[in-house]
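Asker: Quick one: the structure is below, and I'll ask about it shortly.
Read-outs throughout are calculated quantities, based only on the coordinates presented, and are distinct from any laboratory measurement. All values reported here derive from a predicted model rather than from experimental measurement. Counting neighbours? That spans all protein chains shown, and the Cβs are built from the backbone with ideal geometry, glycine included.
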Amino acid sequence: MSETYIVHIEKMINEGLSLGKLGQGIKVMVPYAVKGDEVEIRVVKKKKDYWIGTIKRVITPSPMRTNPKCPYFGKCGGCQWQMIDYTYQPKLKKELVIDALSHLAGLKEVDVLDTIPSPRPFNYRNKVHFPLKRVSSSSVIMGFYKQDTHYIIDVNECPLHLPQFNEVFKKAKRYIGERGLSVYDETKHSGFIRNFTLRGSERTQETLIVIVSNGEYLRKSTAIDLMKMGNSVLGVVENINPKRGNAIFGRENRTLVGTSLYHERVRNYTFIISATSFFQVNTWIAEKMVDVLDGVMQEIGEVDVIADAYSGVGLFAVASAKYARKVYALEISAESSSCAYKNIAVNNKPNVEIINGDAEGLLQTLGKVDVLILDPPRRGVGDGIVEFLANSKPPHILYFSCNPATLARDLKKMVEVGYKIEFLQPFDMFPQTYHVENLVYLKR
Ligand SMILES: C[S@@+](CC[C@H](N)C(=O)[O-])C[C@H]1O[C@@H](n2cnc3c(N)ncnc32)[C@H](O)[C@@H]1O
């Protein structure tokens, strides 16, 4: 029989875990427990520095506990925090960020503001990826991976994504199953359909279906059938990804029917977004990010040059264009840069120049920069950016990040080359999960 202990949960930590301590200071990490819970745990793993336990029963529930809304919660790895009442999630995320800054970078004095909550605690995701697996000649399972595995939990709907996706998802799942379409088997690297992605906008009521295939596979007639799976469906795109591994999208897209672009609205701006280019996953929070950017830029006043590095389809370049004579939008993806051209046109921002390439190298070619906006992928910024900051010394930096660990690492380097952190603003971009988006304003 496995060992059981009673633990008081002290705090939430990364990866959807919580932390408590046993006698002799042994740390125990427990999934699905909540700060303030008293739980009986079963020890499932003993590591040198900590143990891992699963909840056997909740003895005294934390006041932050609530009943998860979704029947798949706890099995599906799509979200980890549905057992925490939404009122408390932003506060707990602020604590996560403070912890990351202090433990990973020794930054203890940062002015971390209260997390801006998501106006939508549910039904916010504008992009969702479903892996799938054939289980009989007439059916497939389709849903989300169980946490940290490639085991697919079959779901029929999800409370996190846009409501318009549910109908399309259910009908498409049935269709792919019954038509006997070839589904990819990652262990054998054979079969075709690897992933079913939906993305779109609630505001414009537009949805794109993106089917990721292990090679060119889909027929136009299939795409025509898929177009009928919901009134919002505007187009069906096949993305070709023949490579083994976890990257969802491959490099090549084929638009089979309709369009490969959809429109999103953020405040008064319109964004044209293509099937596989990046866009912030919670439009309601993208709007809050633009509001905070606006506030900082109003404080700074008009400047000569803004560089928006890692600019995607141009969200921040477009939104900051009114504050500068010239904005450079630096983006490595040709597909996103091509959307950015459309977005400066549709929003009438002729002072934005799109430059397609590696932001690290491109920044060195720009000359004087007054405000540098950074919004890198999860891995954070490269050393080239820190070098640019040390040499060119732009007076203002606005660093957006979806990864507190790499953010903490990068902030430490920025402080070392002479910057002072004015404030850090967390945003709850990903309600019901432990993920948190942040904006840091630095000055020198
Ligand atoms: C987190 S997204 C931010 C996009 C944009 N700021 C937005 O809010 O929509 C990061 C972007 O950085 C781009 N990227 C990744 N590595 C890059 C690099 N070395 N140079 C320029 N862009 C890069 C990605 O293609 C992606 O569009």
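Asker: Under the classification rounded if a/c is under 1.5, otherwise prolate if a/b is larger than b/c and oblate if not, where does segment 4-65 fall, given a ≥ b ≥ c as square roots of the Cα gyration tensor eigenvalues?
Answerer: Cα axes put segment 4-65 in the prolate bin.
Asker: Another question, then. Around H396, with a cut-off of 13 angstrom between Cβ atoms, what is the net charge of the other residues, counting Lys and Arg +1 and Asp and Glu -1?
Answerer: With Lys, Arg at +1 and Asp, Glu at -1, the net is -1.
Asker: What FRET efficiency comes out for the pair I59/A390, r = Cβ-Cβ distance, R0 = 51 Å, nearest 0.05?
Answerer: The computed FRET efficiency comes out at 0.45.
Asker: Positive end of the charge dipole of the chain (Lys, Arg +1 and Asp, Glu -1 on Cβ, about the Cα centre): tell me which of P350, A319, F400 has its Cα farthest that way.
Answerer: My answer, from the dipole projection, is F400.
Asker: Which order do peptides 370-376, 200-206 fall in by mean Cβ count within 10 Å, highest first?
Answerer: 370-376, 200-206
Asker: OK, next. Say a paramagnetic label sat at a point 7 Å from the Cα of R179, along Cα to Cβ; which residues of segment 223-244 have their backbone N under 18 Å from it?
Answerer: From segment 223-244, the list is 223-241.
Asker: Can you list the residues, at least 5 places off or on another chain, whose amide H is less than 5 Å from the amide H of R194, using H built in the peptide plane?
Answerer: Under 5 Å from the amide H of R194: Y184, V212, S213, N214.
Asker: Please list, ordered by chain and number, the residues whose modelled amide H lies under 5 Å from the amide H of V44; skip anything fewer than 5 residues away on the same chain.
Answerer: I52, G53, T54
Asker: Considering the Cα trace of segment 127-266, what is its radius of gyration and what is Dmax, both in angstroms?
Answerer: 14.1, 44
Asker: Taking the Cβ of each residue in K48, K91 as the centre, tally the other Cβ atoms inside 10 Å and list the residues starting with the fewest.
Answerer: K48, K91
Asker: How far apart, in nm, are the 7 Å Cα→Cβ label points at Q298 and A247?
Answerer: My value for the distance between the label points is 4.2 nm.
Asker: Further question: Between E157 and R267, what FRET efficiency follows from the Cβ-Cβ distance if R0 is 45 Å, with the result rounded to 0.05? It would help to have the intermediate numbers written out before the result.
Answerer: Details: r = 30 Å, r/R0 = 0.66.
Result of the calculation: an efficiency of 0.90.
Asker: Sort I300, I224, I176 so that the residue with the fewest other Cβ atoms within 10 Å of its own Cβ comes first and the one with the most comes last.
Answerer: Numbers: I300 18, I224 13, I176 22.
Ordered from fewest to most neighbouring Cβ atoms within 10 Å, I300, I224, I176 come out as I224, I300, I176.
Asker: Further question: Do the alpha carbons of any pairs in K46/K93; K93/K412; K35/K288; K11/K133 sit beyond 30 Å of each other, and which pairs?
Answerer: Exceeds cut-off: K11/K133.
Asker: Right, something else. How do 20-28, 276-284 rank on mean C-beta neighbours within 10 Å, highest first?
Answerer: 276-284, 20-28
Asker: Here is a further query. In segment 1-144, what is the volume of the convex hull around the alpha carbon atoms, normalised per residue and reported in Å³? Provide the component values of the computation, followed by the final result.
Answerer: Numbers: hull volume 25.8 nm³, N = 144.
Spelled out: Cα convex hull of segment 1-144, divided by residues, is 179 Å³.
Asker: Okay, next question. Which whole-number percent gives the relative contact order of segment 4-65, counting Cα pairs below 8 Å spaced six or more residues apart?
Answerer: Working: 158 pairs, mean separation 19.2, N = 62.
Relative contact order of segment 4-65: 31 percent.
Asker: Assuming 1.306 mPa s and 10 °C, estimate D for segment 303-370 with Stokes-Einstein, Rh taken as the Kirkwood radius over Cα pairs, in µm²/s.
Answerer: My calculation gives 139 µm²/s for D.
Asker: Let me ask something else. Report, in order of residue number, the helices in the chain meeting two criteria: a C-alpha extent of 15 Å or more along the helix axis, and a mean Kyte-Doolittle hydropathy of at least -0.5; treat each whole DSSP H run as one helix.
Answerer: 89-105, 283-300, 334-346, 404-416
Asker: Shape of the chain from its Cα gyration tensor (a ≥ b ≥ c, root eigenvalues): rounded if a/c is under 1.5, otherwise prolate when a/b > b/c, or oblate?
Answerer: Oblate shape, in that a/c is at least 1.5 and b/c is the bigger or equal ratio.
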